[in-house]
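Shown next, in structure tokens, is the structure this report addresses.
Please treat every number below as a calculation from the coordinates, not as lab data. Quick caveat: nothing in here was measured; it's all calculated off a predicted structure. Glycine gets a Cβ as well: all are built from the backbone with ideal geometry, and neighbour counts include every protein chain shown.
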Amino acid sequence: MPVIVFLTGAGGAFASTVSKTADSTMVPGHRFDPSASEVKCIEVAQCSTIEGAECTWNSEVLREKINDTACGAPLYRLN
């Protein structure tokens, strides 16, 4: 019986760690809008920092925000 309790606890801890890791890789994805008046790097979706398929919005690759007028590195979809 103690072995079952230990394994159940260990499995729960592992699942919790995996979930927190996935959450920590999620960041706001931004698109660059050159026609916008002040804020040109506009948040439109949640994306991942883990490389994979590109995170897109209307076929535009979403990026990390550097500041209000510049977007940076490309982001990815969480598979």
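Just a few scattered comments:
- Nonlocal amide H pairs with Cys71, under 5 Å, H built at 1.01 Å: Ile66
- For the range 22-66, the set of GluC sites (Glu not before Pro) satisfying both a DSSP loop assignment and a count of at most 11 other C-beta atoms within 10 Å is given as Glu38, Glu51.
- In this structure the amide hydrogen of Trp57, modeled in the peptide plane, comes within under 5 Å of the amide hydrogens of Leu62, none closer than 5 places in sequence on its chain.
- Residue-wise HN-Hα couplings along the range 45-62, as the Karplus relation 6.51 cos²θ - 1.76 cosθ + 1.60 with θ = phi - 60° gives them from phi, are 6, 9, 10, 10, 8, 7, 4, x, 5, 5, 7, 10, 9, 6, 6, 9, 5, 7 Hz; Gly and Pro carry x.
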